[in-house]
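A.B. asks: Input: one structure, supplied below.
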Amino acid sequence: MAGILVFVEQRDGEIRKASLQAVSEAKRHGGAGGEVTAVLVGAGIGAAAAGLGAWGAARVFVADNPALGLYSAEGYTEAVAAAAAKAQPSAIFVAGTAMGRDLAPRVAARLGVGAIADVVKLALDGDAFTARRPIYSGKAFAEATTAGKRPQVISLRPNVFAAEESGGSAAVESLDGLGLAIRAVVKELVKAAGGELDVAEADIIVSGGRGIKGPENFALIKSLADALGGAVGASRAVVDAGWIAHSHQVGQTGKVVSPSLYVACGISGAIQHLAGMSSSKIIVAINKDPDAPIFKIADYGIVGDLFEVIPPMVAAIKAL
Amino acid sequence: MNCIVCVASVPDTASVIKLKADGTGIDESGIKWIVSPYDEYALEAALQLTEAKGGEVTVVTYGPAGAEPALRDCLARGAHKAVHVLGGEKTLGDSFTIARVLAAAIKGRAHDLVLCGVKGVGTDCSQVGQMLAELLGLPHVAIVTALEVGEGSLAATREVEGGKEKVECPLPALLTCQKGLNEPRYAALKGIMAAKKKPVDKLEVSSLGIQEGADLFYAVARFELPPAKSAGTIIQGENDPAGAAAQLVKLLREEAKAI
Ligand SMILES: Cc1cc2nc3c(=O)[nH]c(=O)nc-3n(C[C@H](O)[C@H](O)[C@H](O)COP(=O)(O)OP(=O)(O)OC[C@H]3O[C@@H](n4cnc5c(N)ncnc54)[C@H](O)[C@@H]3O)c2cc1C
Ligand SMILES: Nc1ncnc2c1ncn2[C@@H]1O[C@H](COP(=O)(O)O)[C@@H](O)[C@H]1O
């Protein structure tokens, strides 16, 4: 067993950024003493495969099948397991998106091994990875191993590892003869209204909490998010109040995000909210209470009334 | 409609997490243990289904003796039976071992549906459900926020980035349940009294053919607390909000290089 197999996620034939981050991370570790192999799964996706060479993959398996057009845990597990049987990797990397977090454990169980989820740092010792992952919602970290088991199935938290082109080319091979027996079938993918950017994918997030006073004032939050090119997030208090859909919620019972910039507006910073955003690279807080706990983890903050602070902020950003 | 619900007993989400002096684990003194919040959605879904269609809800946990109150809480809310596989101290976070133990405990018990939470609070793995489905040979649907169960099949909605997937699946199947699926009920006094008489089937891990700790799939070499964060730059903006806003934008551009 040698090398790293990376499951590469695509949507409508476009490769997801988080997967490029995973391929790059595999390459940075020199393929753990072997090659970096990618496996791309879907329908009508062949065109995207060769481009993976530039990000560090030496070989790409493509499972192109009409039955795999929409994600299926069973179908995609079959494809990744077939790629693993060919590549015999010592590790399998998966980007920790909704799809990746669903797929990795099922693949691991198929291969009779465990998996390490939501990894934020990897260290290679010989040909075995030790993986750092937040536990207790980021209140502690574990340096975890797979206790000697191979392959090491690892999901990488999106936006933590850099995607960098290393300039190479990949040999593309099709993965045929999959024994697909899909029982749980995705009938439809309903996209969020207006192609709204999801907090889990956004590089910049502006979140509103109870301090925004009412659902209509999400327009103010959105104006700042739009000026920054980011997504709109929310605390649980405002989701529970019905001001915005749960898909926007950040925190322990919402999404865990690591954007490069997180702006919390009118959010007190309860421990369950921090659980979802404390690994953001830069944290900004706007709150009128100087003692709000959010200021303890903020890199920058304004003590003030968000209704007075946000409009001039939007103007200043637009003037840049 | 027989449902099996997997519940984990976990530290209350507001717990302060401290490490043991030697860094080999979490200091559990003073921690309050609760049913993992997502498992409450799984239990509620199972209770509603059996109320509508008949059948039984069995709750299963793999954990030390201290996990029993979590099972009693589920029985008090209306579950019919409980299975307690005793152990788990050495396998905390070892999703695959946990899934193997649960699979062995569930095999041989009637199930049309196995329900888990999307994630166990604390371990934060989101893995056990999918692994269990694979080991039981069941299809699964993860992160379920809406559910309709018909004759021999189900229709579920699951949350993904940027939208929702509508999934159809034959029974038996496994679901991982997410907030939004339902509003979990609390235990009423009558339920708490009734729970005392309900059966809890206690099992040793070894009786399931698994040697706990002998064959691990996950090990933690070291636990750490997050590094202390240095104090941020906080601007007083009460008197001059526009000036504070301009200063913040300048810092974000020039110092943090974040915009
Ligand atoms: C099991 C469990 C899970 C949970 N999961 C989550 C989760 O996933 N995500 C989450 O967010 N919470 C979660 N919570 C809830 C959490 O404990 C808090 O209740 C919640 O985060 C509070 O939301 P908030 O900050 O918007 O509201 P509040 O705590 O009410 O804070 C509002 C803030 O707005 C400020 N403010 C008011 N007016 C203004 C103004 N004009 N200008 C500027 N600032 C102003 C106030 O000073 C205050 O700090 C969970 C709780 C539990 C028990
Ligand atoms: N020790 C356990 N006993 C019973 N169920 C568990 C246990 N650990 C995890 N689960 C189930 O698996 C789900 C996901 O847990 P995890 O993979 O640890 O995040 C939980 O919500 C529970 O439904």
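The values are calculated or read from the model by the stated rules, or taken from the named source; none is laboratory data. Keep in mind that what you see is a predicted model, and the values were worked out from it rather than measured. Counting neighbours? That spans all protein chains shown, and the Cβs are built from the backbone with ideal geometry, glycine included. Calculation scope for accessible area: heavy atoms of the full protein, side chains included, ligands and nucleic acids excluded. Shrake-Rupley method; radii C 1.70, N 1.55, O 1.52, S 1.80 Å.
A.B. asks: Provide the buried accessible surface between chains B and A in square angstrom, both chains summed, 1.4 Å probe, rounded to the nearest 100.
C.D. replies: Approximately 7000 Å², summed over both chains.
A.B. asks: Here's another thing I want to ask about it. What's the carbon and sulfur percent of chain A's accessible surface, probe 1.4 angstrom, rounded to a whole number?
C.D. replies: The value for chain A is 52 percent carbon and sulfur by accessible area.
A.B. asks: Take every DSSP beta bridge whose two residues both sit in chain A, then give the antiparallel share in percent to the nearest 5.
C.D. replies: The answer is about 20 percent antiparallel.
A.B. asks: Considering Cα pairs under 8 angstrom that are at least six residues apart, work out the relative contact order of the stretch B:54-98 and quote it in whole percent.
C.D. replies: 45 percent
A.B. asks: Measure of size requested: the Rg and Dmax of the stretch B:161-259, with Cα atoms as the atom set and Å as the unit; please supply both.
C.D. replies: Both quantities, over Cα of the stretch B:161-259: 27.2, 70 Å.
A.B. asks: Apply the Kirkwood formula to the stretch A:4-174: the hydrodynamic radius equals the inverse of the mean of 1/r over all pairs of different alpha-carbon atoms; give it in Å with one decimal.
C.D. replies: Averaging 1/r across every pair of different Cα atoms and inverting gives 15.5 Å.
A.B. asks: Using the scaling law 2.2 N^0.38 Å as the reference, what is the normalised Cα Rg of chain A?
C.D. replies: Taking N as the residue count of chain A, the ratio is 1.06.
A.B. asks: Then there's this: What is the antiparallel percent of DSSP beta bridges lying wholly in the stretch A:4-174, to the nearest 5?
C.D. replies: 30 percent
A.B. asks: Roughly how crowded by other chains is peptide B:25-33, in terms of the mean Cβ count from those chains within 10 Å of each of its Cβ atoms?
C.D. replies: Averaged over the peptide's residues, the number is 1.
A.B. asks: Also, I was wondering about something else. Kirkwood Rh over Cα pairs of the stretch B:125-184 into Stokes-Einstein at 10 °C, 1.306 mPa s: D in µm²/s?
C.D. replies: For the chosen part, D equals 133 µm²/s.
A.B. asks: Would you mind working out the accessible area per residue for the protein assembly as shown, using a 1.4 Å probe, and quoting it in Å²?
C.D. replies: Ligands and nucleic acids excluded, the figure is 38 Å² per residue.
A.B. asks: So, taking all protein chains as they sit and a 1.4 Å probe, how much accessible area belongs to B:ARG77, in Å² rounded to tens?
C.D. replies: 30 Å²
A.B. asks: Tell me the Rg and the Dmax, in Å, that the Cα atoms of the stretch B:43-191 produce.
C.D. replies: 15.0, 43
A.B. asks: OK, next. Starting from one equal scatterer on each C-alpha and no solvent at all, send me the Debye-based log10 I(q)/I(0) for the stretch A:1-80 at q = 0.24, 0.25 Å⁻¹, two decimals.
C.D. replies: With no solvent term, the Cα-only Debye profile gives -1.09, -1.16.
A.B. asks: Starting from the amide H of A:ALA192, placed 1.01 Å from N in the peptide plane, find each other amide H under 5 Å away whose residue is 5 or more places distant or on another chain.
C.D. replies: Hits under the 5 Å cutoff: B:GLY163, B:LYS164.
A.B. asks: What number do you get for the protein assembly as shown when its Cα radius of gyration is normalised by 2.2 N^0.38 Å, N = residues?
C.D. replies: For the protein assembly as shown, the normalised Cα radius of gyration comes out at 0.96.
A.B. asks: Can you give me the angle between helix A:218-228 and the longest principal axis of chain A, using Cα atoms only, in degrees from 0 to 90, rounded to the nearest 10?
C.D. replies: Between helix and principal axis, roughly 60 degrees.
A.B. asks: Assigning unit charges at the beta carbon (Lys, Arg +1; Asp, Glu -1) and nothing else, what dipole magnitude in debye, to the nearest 20, does the stretch A:4-174 show about its Cα centre?
C.D. replies: My answer is approximately 480 debye.
A.B. asks: Further, regarding this structure: Show me the GluC sites (Glu not before Pro) within the stretch B:188-259 that DSSP assigns to loop and that have at most 16 other Cβ atoms within 10 Å of their Cβ.
C.D. replies: Those satisfying the criteria are B:GLU238, B:GLU255.
A.B. asks: Mind listing the Cα extents of the stretch B:20-122 along all three principal axes, in Å, largest one first?
C.D. replies: Taking the Cα atoms of the stretch B:20-122, the three principal extents are 52, 26, 22 Å.
A.B. asks: Can you tell me the relative contact order of the stretch A:4-174? Whole percent, Cα pairs under 8 Å, sequence separation 6 or more.
C.D. replies: Once normalised by length, the contact order is 30 percent.
A.B. asks: Then there's this: What figure, in Å² to the nearest 10, do you get for the accessible area of B:LEU19 with a 1.4 Å probe and non-protein molecules left out?
C.D. replies: Here the accessible area works out near 40 Å².
A.B. asks: Sticking with this structure for a sec: How many percent of DSSP beta bridges within the protein assembly as shown run antiparallel, rounded to 5?
C.D. replies: Rounded to the nearest five, the antiparallel share is 35 percent.
A.B. asks: Enter the accessible area of B:VAL10 (Å², nearest 10), with the probe set to 1.4 Å and all protein chains included.
C.D. replies: Looks like 10 Å² after rounding.
A.B. asks: Indicate the gyration tensor shape class of the stretch A:125-249 (rounded, prolate or oblate), computed on the Cα atoms with a ≥ b ≥ c the square roots of the eigenvalues: a/c under 1.5 is rounded; otherwise a/b larger than b/c is prolate and the rest oblate.
C.D. replies: Since a/c reaches 1.5 and a/b is larger than b/c, the shape of the stretch A:125-249 is classed as prolate.
A.B. asks: In degrees between 0 and 90, to the nearest 10, how far off the longest principal axis of chain A does helix A:73-87 point, with axes built from Cα atoms?
C.D. replies: Helix A:73-87 and the main axis of chain A meet at about 50 degrees.
A.B. asks: In 5 Å bins starting at 0, how do the alpha-carbon pair distances of the stretch A:119-173 split up by percent?
C.D. replies: Per 5 Å bin, starting at 0, the Cα pair percentages come out as 4, 15, 21, 19, 19, 12, 6, 3, 1.
A.B. asks: For the protein assembly as shown, what does the helix formula give at 222 nm: sum of -39500 (n - 2.57) over DSSP H segments with n ≥ 4, over the residue count, nearest 500 deg cm²/dmol?
C.D. replies: Helices in the protein assembly as shown give a 222 nm mean residue ellipticity of -8000 deg cm²/dmol.
A.B. asks: So what is the orientation-averaged projected area of chain B, using the convex hull of its C-alpha atoms, in nm²?
C.D. replies: Its Cα hull, projected and averaged over all orientations, spans 19.0 nm².
A.B. asks: For the stretch A:204-319, divide the Cα radius of gyration by the Kirkwood radius and give the resulting Rg/Rh value with two decimals.
C.D. replies: My calculation of the ratio gives 0.92.
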